[in-house]
């Protein structure tokens, strides 16, 4: 799973320790990287200009219900496929089935960056879960969206003898050396919203990326009347999100012969989560109204900036899809007709699952598969609900985990 960058948020338990001394090179925006970012924007404009060439045949963003003939069946099939993801009460929740002695210990909680709403929320839930399990949680270590800082805190946890580590949206491959040090020390690691497990060295916990991407694509197929024309952007720094974007492209190719969707176009967190992202403003400049009806962002913070850009330019011909929704970003997009869809994952449940997994690993008890957790497809019809609340099970999941722990 995934990038959890969001709006401003603060955890009440943020570590005030000095940054660890042992660091690895981060992803600083050097002059060379800035030039690379400009090159990305230029390449995107060239690729996206191809959309303009077919503008006459492109549907407008409000083409809902326009399907007929063969397209009508394409749309009906897409509607049937996405239905299971629209109602949280119908979701299937993987969960542990074998109670165990949870024991005690200290768990280091390291988040991607507390400035991200979901990162902070997940960290706070991990603190709550650890406390409920009878473990001692660390202060929340702020990874500041920097692999070198994140790796430093993993190393610090090893040096200070923590019994387990929980990561939030820190891609294991970006901090691999530190994770290997923790493995050698016998410290189990669980990572929420992470895709790569480094050949079993990390217990990953995330929603079903393929299903999420397919559902977003199906929503676009329904909305366009089976004739989606647009572009997919991805951020390679987050493989779980890239998996969602690739699933979108695969779904269009497999089920929508009348669709023409380009991509994925690579971008970066720094380039698309600030105001008026150049790669997107360049795309709009290269495509006159009507020629780029749909845009698929790698995650909601980027989708929110895309939508704000559309509003500032008065463009009403483009619809935007996101991914990894949190209430704060959804609230920022809810008022725009340009919002197409996003997916809302169970961040609170994931945090409790992460605590359960590392405690099982420490106790020598088999862990369970938490890599296909459910999500809700957020559309204009249910965005109001998820703009104020996270996705949680219908059952009391906290009580369920406590029962598993004998609490």
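Key figures
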{"read-out": "Where Rh is the Kirkwood radius over Cα pairs, Rg/Rh for region 297-407", "value": "1.13"}
{"read-out": "77, 381 arranged by Cβ crowding within 10 Å, fewest neighbours leading", "value": "381, 77"}
{"read-out": "Sorted by Cβ density within 10 Å, fewest first, the residues 155, 171, 394", "value": "394, 155, 171"}
{"read-out": "Cα-based equivalent ellipsoid of region 262-350: semi-axis lengths in Å, sorted from largest, via gyration tensor", "value": "22, 14, 12"}
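Computed from the coordinates by the stated procedures, all read-outs in this text should not be read as laboratory data. Predicted model only: the values in this text are computed from it and were never measured. Ideal geometry is used to build each Cβ from the backbone, glycine not excepted, and the neighbour counts take in all protein chains shown.
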